[in-house]
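Asks: Structure below; questions to follow.
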Amino acid sequence: MSDDTTSSALAQAKKVATQELFKSGTPEYDHRSHERAIEAERKAQAAYDEAHAKD
């Protein structure tokens, strides 16, 4: 993945995780969706870190 792609994927994952977090305490909150969003953010961060470790 290119730097732009990993940066974009990480930004999107963070956005989704934050959106799920803000649903906490509301009827729309689903802990499984939040956990999936956190895992996607973790994987995106790992890909970003790997892409930048080569520099």
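Asks: Scan the range 1-53 for residues that are surrounded by fewer than 14 Cβ atoms within 10 Å (Cβ to Cβ) and assigned to a helix (DSSP H, G or I) and report the count.
Replies: 21
Asks: State all residues of the range 1-20 that are more than 8 Å from the chain's Cα centre (by Cα) and among the hydrophobic types (A, V, I, L, M, F, W, C); if no residue qualifies, say none.
Replies: Passing the criteria: only Met1.
Asks: Also: Return the pair list, or none, for Cβ contacts closer than 7 Å from residues in the range 26-50 that are among the acidic types (Asp, Glu) to residues that are open to solvent by 70 Å² or more (accessible area, probe 1.4 Å) and in a helix (DSSP H, G or I), at least 6 apart or on different chains.
Replies: What qualifies is Glu41/Lys14.
The values are calculated or read from the model by the stated rules, or taken from the named source; none is laboratory data. Since the structure is predicted, the reported quantities are computational estimates derived from the model, not experimental observations. Heads up, the Cβs are rebuilt from the backbone with ideal geometry, glycines too, and the neighbour counts pull from every protein chain shown. Side chains included, ligands, DNA and RNA excluded: accessible areas come from the protein's heavy atoms. Shrake-Rupley method; radii C 1.70, N 1.55, O 1.52, S 1.80 Å.
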